[in-house]
Amino acid sequence: MIKNSILQNILISRIDQFCGIEMLTKKLTFRKSTLKVRDRMMFDSMIQYNKNLYLNPVPCENDFIVYKASSLKALDLLESQIKLNNCKYLSFIHSNILFGVTYTKDIRLLA
């Protein structure tokens, strides 16, 4: 049986302490309705990734390393949206992604 990664457990705990996955999903889905198509796709990815944390073991450490550029783009998108709409749910997702990027910043994958 595959276990959840340490980072996955931390992210789940942070979501549970903040508002729970259902409320987070609901609020992010509402926010994405005002975005451009490309930005909606990124929001869909963020929503699905966070929901998947609860459904399956996710190699979060590996994801944050391999997809660092995508994580940084997501942070940029969230920062621009937070400036327009000071929303605690957007700020939370931003802080969770930033936490993952920071958590893995000194980790390197072995080839």
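Every read-out reported here was derived from the displayed coordinates using simple, explicitly stated rules and does not represent laboratory data. Note that the structure is a prediction, hence the values are computed from the model and not measured. Positions of Cβ are generated from backbone atoms using ideal geometry, with glycine treated the same way; all protein chains shown enter the neighbour counts.
Please enumerate the residues belonging to segment 1-53 that are surrounded by fewer than 17 Cβ atoms within 10 Å (Cβ to Cβ) and in a loop (DSSP other than H, G, I, E, B).
Met1, Ile2, Lys3, Cys19, Gly20, Ser33, Thr34, Leu35, Lys36
Does Val101 satisfy being in a helix (DSSP H, G or I) and in contact with a Ser or Thr (Cβ under 8 Å, 6 or more places away or on another chain)?
Judged against the criteria, Val101 is a match.
Among the residues of segment 60-68, are any closer than 20 Å to Tyr103 by Cβ, within 14 Å of the chain's Cα centre (by Cα) and not in a helix (DSSP H, G or I)?
yes
One line per residue, one yes/no per condition, for (1) among the polar types (S, T, N, Q); (2) touching a Leu at 6+ places or on another chain (Cβ under 6 Å); (3) more than 17 Å from Ile47 (Cα to Cα); (4) in contact (Cβ under 8 Å) with a residue 24 or more places away in the chain:
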position	(1), (2), (3), (4)
Val58	no, no, no, yes
Lys83	no, no, yes, no
Lys88	no, no, no, no
Leu98	no, no, no, no
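Please enumerate the residues belonging to segment 19-53 that are closer than 15 Å to Gln8 by Cα, touching a residue at least 24 places away in the same chain (Cβ under 8 Å) and of a type in the set (S, T, N, Q).
Listed by number, the list holds a single entry, Asn50.
Among the residues of segment 95-111, which ones are within 16 Å of Ile6 (Cβ to Cβ) and surrounded by 13 or more Cβ atoms within 10 Å (Cβ to Cβ)?
Listed by number, the residues that qualify are Asn96, Phe99, Gly100, Val101, Tyr103, Thr104.
Out of everything in segment 62-94 that is within 17 Å of Thr104 (Cβ to Cβ) and basic (Lys, Arg), what residue ends up being surrounded by the most Cβ atoms within 10 Å (Cβ to Cβ)?
Lys68
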